[in-house]
Amino acid sequence: MQATVGPCNVPKPRAWNPVEQSKWTSWHGLGSMPSAEAMRLFVKILEEEDPGWYSRVPEFNPEPVVDIQMHKPKDEPQSVPASTNGTSISEPKIISENGSSVETQDKDVILEGLSTVISHDEWTPLSVSGLRPKPRYEHGATVLQNKMYIFGGNHNGRYLSDLQALDLKSLIWSKVDTKFQAEPADSTITTQIAPCAGHSLISWGNKFLSIAGHTKDPSEGITVKEFDPHTCTWSIVKTYGKPPVSRGGQTVTLVGTTLVLFGGEDAKRCLLNDLHILDLETMTWDDVDAIGNPPSPRSDHAAACHADRYLLIFGGGSHATCFNDLHVLDLQTMEWSRPKQQGLTPSPRAGHAGATVGVSETLVLNMSTLTWSVVSTVEGRVPLASEGMTLVHSNYNGYDYLVSFGGYNGRYSNEVYTLKLSLKSDSQPIVEEETVSDTISRVREPETEISQDGRIREIAMDSADSDLNNRNDEASEQLVADLKAQKEELEATINREQLQTVQLKEDIAQAETRNAELTKELQAVRGQLASEQSRCFKLEVDVAELRQKLQSMDALEKEVELLRRQKAASEQAALDAKQRQGSGGMWGWLAGSPPPSQ
């Protein structure tokens, strides 16, 4: 039966129940420093222009995860031996009932899957087996039938199309061999579905949907794909109405029997802040024109639904900056509002992930009071501080777990981390300073009501500080011991740093001495160079003088040659005259007239 819808085909909210209010935990990725924003944009553009750039970057060793010691309840076991595939334990089990502790003995209890995670409110890397998926970010993730499915994503600027599954019972990865069913329904081919990134994966019934995403050859409108785990078959869902323009980096939130889509970035890198709703029963798109001031155009933000009525939008980024603003959309009145946030507001960020968990404790953002709180942080360049990671919620053996996968923080990750949410009523975490991410804090929720303008306001706050101030002696002693251990470690680190400083000073002194010697050698070489330059100048002057002398000698040789020629001509003329005289006397003698005597 189709649900009754409001002005824009959105289901009407159910009755307000403070006890069953859901909470929203958001594991955030990149921070908001200008350098981080610039680097995020630079890397994004670089991957689009040069997909193989990362393979040319030298490898680096990422910093290890720093586990923050949390305040554990007295009745919680500190450590229990466990293994990936299940471990038998015989430790006492302590259960809190109405403020009293009852100790029981459970023997031969087999822990498997997520149950191997003992620590509460701490991010723990899962020891998984099987062939791990390729590292990636901007992928889609969802939980269906105790399996976390990972689809698509971005690796080195290339879009992926593989489907991977992590069994949350055995913690074994497996690749799902899929088929693609084209129209008509009876024709099935084995061609893989088109690779994509920046899409949204939503579980619906015994199947899940893939909505939107960036592809190599984007279509004009958003495509909705459906996967059936029983047949391992992908198919294109036929929708009606006008579909939104194709995009990636949007948020898709399940509200009753509808999907609410907001924002993203289209194929032309244009940021969007439009709002669309897909009715899953009729598969009809509806373009929504909400009133009020909507969030500015953005992508890579986080969204969640509270009480089946309020859509919360947090963070995200544009081409130049990141945001940490919180916007609320009343799905009944279709009005945007921007309520004031309380507590320690997270820094601006984009590419973070969020999940809604329905438990009796407040997670990161109390949706009723809009108060942020922190109980755990991570330090260093670890996979948890990544952009484009996914965060899913799973309920296993009565406990709620958050499971993260993948992301990008300078390198691509395929690590799996989990956060076991504490269900103890007397657990009080120690709030640490926020660095990269925000997690969980336990505070009793106030009763709230919704004003006519659709904004959330507080009515009353129960006093929860009484339980929070009751710290037991054992936890205090453990905390002191931990602090002493940290102090000793810091002192050892300081001593090592001092030794390194002394060594560096000696190296600097040696370098300065060597520098002075090289300076003297340089000055001597400069003096020699000056002398050689002066000598070369003198040689150039001598060469010029010799050239002038050579030119004078050439002129003298020419004069001498001319004189020689003149002399030779004179001698030749005299000889000719003498010959003529001798010739005339002989003929005169013959003629009887002797030549005159000289």
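The values are calculated or read from the model by the stated rules, or taken from the named source; none is laboratory data. A quick note: this is a predicted structure, and the numbers were derived from the prediction, not measured. Cβ sites come from the backbone with ideal geometry, for glycine too, and all protein chains shown count toward neighbours. What goes into the accessible areas is simple: the full protein's heavy atoms, side chains included, and nothing from ligands, DNA or RNA. Shrake-Rupley method; radii C 1.70, N 1.55, O 1.52, S 1.80 Å.
On the given criteria, is W204 in the same structural domain as L312 (by the TED database) and either open to solvent by less than 40 Å² (accessible area, probe 1.4 Å) or in contact with a Pro (Cβ under 8 Å, 6 or more places away or on another chain) (or both)?
Considered against the rule, which asks whether it is in the same structural domain as L312 (by the TED database) and either open to solvent by less than 40 Å² (accessible area, probe 1.4 Å) or in contact with a Pro (Cβ under 8 Å, 6 or more places away or on another chain) (or both), W204 comes out as no.
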What residue, of G354, G317, is under 30 Å from T257 (Cβ atoms) and modelled with pLDDT of 85 or more? G354
If I filter the stretch 208-227 for residues that are within 21 Å of P297 (Cβ to Cβ), open to solvent by 10 Å² or more (accessible area, probe 1.4 Å), out of contact with any strand residue (DSSP E or B) (no Cβ under 6 Å at 6 or more places or on another chain) and assigned to a strand (DSSP E or B), do I get at least one hit? yes
Can you pull out every residue in the stretch 291-327 that is among the small types (G, A, S), open to solvent by 10 Å² or more (accessible area, probe 1.4 Å) and farther than 13 Å from P348 by Cβ? G292, A303, A307
Please verify whether the stretch 265-273 includes one or more residues that are buried (at least 21 other Cβ atoms within 10 Å of the Cβ) and assigned by the TED database to the domain that holds A197. yes
Scan the stretch 153-166 and tell me whether some residue there is of a type in the set (A, V, I, L, M) and more than 25 Å from T356 (Cβ to Cβ). yes
Strands (runs of 3 or more DSSP E) wholly inside the stretch 116-162 that include at least 1 residues being under 18 Å from K225 (Cβ atoms): 140-144, 147-155
When you check G343 against the structure, is it open to solvent by 10 Å² or more (accessible area, probe 1.4 Å) and under 17 Å from V255 (Cβ atoms), yes or no? no
Any residue at all in the stretch 184-194 that is acidic (D, E) and within 25 Å of the chain's Cα centre (by Cα)? no
